[in-house]
1. Restricting to the range A:201-229, and then to whatever is more than 14 Å from chain B (Cβ to nearest Cβ) and among the small types (Gly, Ala, Ser), can you tell me which residue is nearest to A:Thr455 (Cα to Cα)?
2. Hey, can you tell me all the residues within the range A:367-411 that are loosely packed, with under 12 Cβ neighbours inside 10 Å and modelled with pLDDT of 90 or more?
3. Could you tell me which of the residues A:Ile80, A:Ile68, A:Ile111 is part of a helix (DSSP H, G or I) and more than 26 Å from A:Phe475 (Cβ to Cβ)?
4. Can you confirm whether A:Glu66 is in contact (Cβ under 8 Å) with a residue 12 or more places away in the chain and either over 18 Å from A:Ala350 (Cα atoms) or buried (at least 23 other Cβ atoms within 10 Å of the Cβ) (or both)?
5. Any chance the range A:383-395 includes a residue that's assigned to a loop (DSSP other than H, G, I, E, B), within 14 Å of chain B (Cβ to nearest Cβ) and under 25 Å from the mean Cα position of the chain (by Cα)?
6. Exactly one condition in (1) under 11 Å from the mean Cα position of the chain (by Cα); (2) buried (at least 24 other Cβ atoms within 10 Å of the Cβ); (3) more than 23 Å from A:Leu315 (Cβ to Cβ) is false for B:Leu82; which is it?
7. Considering only the range A:29-65, how many residues are at pLDDT below 90 and not in a helix (DSSP H, G or I)?
8. Quick check, is A:Leu364 out of contact with any helix residue (DSSP H, G or I) (no Cβ under 6 Å at 6 or more places or on another chain), surrounded by 20 or more Cβ atoms within 10 Å (Cβ to Cβ) and in contact (Cβ under 8 Å) with a residue 60 or more places away in the chain?
Amino acid sequence: MSKPQHTKSDWTLSYEDFLETNYHLKKHSEIFYWLCTTRTTQESKLFPVPPYMLLSYVDSYYKWPELIREVKSETSPEYIGDRAREVSTKLTTLSSGLMTDFYLCGRQTLIELGLLRPDDNLEDLHEVCDFAKRFNLAYRRQTATIKNKEMDDKSNFLPERTLQVFDADMYEVEPGDELLDAASRFMSTATQYAFLAHCECRIGLENHGPYRLGESDQMLVREWHDLAEGDFPWLDEVAADVPHNNLVMPVKMRDTDFNVVDDWGTFEATPNWNSENIGGLGLYTSDFLSDGYEPVGMGSREEFVETLEQLDEALQNARDQLWLRIADWTREQMLEAGALVYSSSIKDIAHIAGTYDQEEWFSLDERAHQLKPILNDEFGRDFLTALLSNQAWNQLENEYFMSRYEPQEKHNGSLYSPVPAAVLNDHEYTRRANPDGWEPSVSNLPDKTGPYTTTRGKLDGDELEEASKEHDPWFQQEPWVNYDDRWVKYNYESEEADELYKKTQEGSRFLEGQGASLTRSDIKDLRGE
Amino acid sequence: MTQTETQKEKIGEGDNVFSTDENIEGDLVRISTTGEVAEYMRNGVPDGLIALIDDSGGTLVAPIFDEFTGIICPSGTVRSHLGIISKENNVPCLMNAELDEIPDRVEVEYTADPRTTESYEDESKAVRANIWKIE
C-alpha cells in the first residue's frame, strides 16, 4: 500500500481554526457528557470494559490522525460522507459522532495523566475535528447537522427515494403472526450477538429515524454491522455461516412516537417499544461495495420467514461458538480486542477510500500499549468515571462556571480541555503526535486468516482492496450526487429525477420502474391498500 | 396484616426497563462467572428463574439470556447494554437495583413505570420498582 509522504510540518493554527476547534470541543463535551451520564460506566464480568475504553481512546489519539491523512490522500471527507449516506456501513450516526469523541477522550486521558498539555499536537487536533465535521455535514446533508442532539435526538438522514422503497416493500404484520415472531427473534439474537462480537460495545448496532409514516405511524431503521467473517479476526471460522456482514431492517411502528433516537442509537418511544405495535418489516444488506440496499429474502412472505429463521439460527450458533472462544481468552486479549473494536469504529472511511490495511486498524499503538500495566479494573473504572463525569482535575472550569446538564450543587467542568488562546502569540507547540509517520506495532490477538464477507461474496484481502479502490457507485457520480430532496421537490417531473428514482427502485417489490412522481398515497395504491 | 402480607417483605428496589402486565415471582440465582454460565449451557436453565446479574453488560450471559424469567442488575441504567437486550428479548429487567439481602425467592414489580431519559435529568421524575422477598 502506498503511504503519503511524511514531512516535518510547518502548519500553524489560525485564529479562525482556533475558534472553530474550541467550538467543536465544547459542543462535543456537552453532548458526550449527556450520553455518558444517562448510562453510567459500563462494566462487564466478561470484558474489562473501562480499561479497554481508556486503552482505545489513547490508541485512537495516536493513530487516527495518520490514518485520516492516508484517507485524505485518496479522497475527501465529503466524498466519504456522501457514500455513507447512501448505503449501510459501519459509519453510522453512532460511529460518526465518536469520530471526534474517541480521539478527544484520548487527548483528555493523556492530559489527566500528565503526559500531554492542551496545546500539544494541535495540527492533529484540528485535522481530526475538521475531518469529522466535514464528513458528518455530508453524511447528514439532509438535516444539516453533525449530531442527533441538534435535532432534539432524531436522525433523518435518508433521502425520500430510499425511504419510499423501504415504505413500499415492507410486509405488513399483526401480533401473533409467523413473520413477526421470526423477526422479533432475529432482532433480539442479532442485538445480543452484535454486543458479543463487539466485545460488549454497542458500535455494531444502529437505529436511525424516526421517519414519518402518515399521521400516527413512524419508521425506525435498525441496523447490525460486522456480523460475519470480516475485519474482526475473532469472527474467523465461528461466523463462517453468517451470510451477510451488515443487515438493515426498516420497522414500521403503529401509533408510536419515537421521542428519543439519540446519538448512540438508543431510542425511547411512546408507547414503549413493544413488538405488538410493529406494523411492517423489511430486510436488506448493504456495504461499502454495494450500490444501495439489496433486499434479503423478501421475494415472498414465506421466503422472508424462512430467511429470518435461518439468520437467527446462524447468529445463535456464531454467538455460542464465539462466547466459548472468548471465555478462553486471557484478560490481555480481551483488553486488546475491546480496545480495537473502539479504535477501529471508523475503519470504513478507509474501506471507502481504498486505503484499508488490516494490520493498521487491528494493532495497537506502542505508546497506548505501554499504559496497559496501570489499566487494572479498579483504576479503569474510577478514572473513566471521573473523566466522563467532568470531575478530573484538568476538566474543572472556574468557580462561576455552569455546564448545560450538571446540577448547581456540583462544581464541574468541560469534558474536553479547550486550546488556550495564548498559543496564538508565539505558535510554540508541537504539531503532530507522529511527526515521522505512524506504523502499527502491538497485537497479542490471533492474526486475521479468514475471508471478508461483502455484498460481492467472500473476498480475500487483495480482492477486497482491489474492489474498494475500483468501486465508484452511480450515486456518487455527477449529476446524481448533487440531486437531493430539495432539487427533486422542484424537478420531480424531469427525466433526470425519474432516472434517479428508478436507479434507487431497482429490485423493489412494488416500485421498480415507477420513477419520481410518487406520493405515499400512490405507494398505498400500488400495494393494493 | 394478612397472611399474604406477612410472607412478602420488601427488600429492595430498582429501575424498570419496560412494564409487564403482571409482577413476576421466581427463584433468585446470582450469576457472576463464565463457569456458572457454561454450566447452564450444558445443563439448561430451570424454568421460572430470576437472575441477579452482577454487571450491566450484555455478554456474560449471552448464550442463556432469553431462558430467564426475569433479570435484576445492581448496576447500570435502563439504557445500559443489559437493559437494551432485555427489551429486545422481552425479558423483564430491573437495573440499578439495591437489595438488602439475596433471598432464595422474590417477587419483582415489573409492572412499574419504566425509567425515562427525562428522569435522569430530573431525579424527582424517577419511579422505582419494588423487590419483595417471598417466604
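1. A:Ala228
2. Scanning the range A:367-411 gives A:Pro373, A:Glu378.
3. Working: A:Ile80 fails: more than 26 Å from A:Phe475 (Cβ to Cβ); A:Ile68 fails: more than 26 Å from A:Phe475 (Cβ to Cβ).
Step by step, each of A:Ile80, A:Ile68, A:Ile111 is checked, and only A:Ile111 is part of a helix (DSSP H, G or I) and more than 26 Å from A:Phe475 (Cβ to Cβ).
4. On the way: in contact (Cβ under 8 Å) with a residue 12 or more places away in the chain: yes; either over 18 Å from A:Ala350 (Cα atoms) or buried (at least 23 other Cβ atoms within 10 Å of the Cβ) (or both): no.
No, not satisfied.
5. Step one: of the range A:383-395, the residues assigned to a loop (DSSP other than H, G, I, E, B) are A:389-392.
So of that shortlist, the ones also within 14 Å of chain B (Cβ to nearest Cβ) come out as A:389.
Next, only the ones that are under 25 Å from the mean Cα position of the chain (by Cα) stay: A:389.
Yes, there is a match, as at least one residue in the range A:383-395 is assigned to a loop (DSSP other than H, G, I, E, B), within 14 Å of chain B (Cβ to nearest Cβ) and under 25 Å from the mean Cα position of the chain (by Cα).
6. (3)
7. Total satisfying the criteria: 9.
8. Answer is no for this residue.
The values are calculated or read from the model by the stated rules, or taken from the named source; none is laboratory data. Worth saying up front: this structure is predicted, and the values here are computed from it rather than measured. Ideal geometry is used to build each Cβ from the backbone, glycine not excepted, and the neighbour counts take in all protein chains shown.
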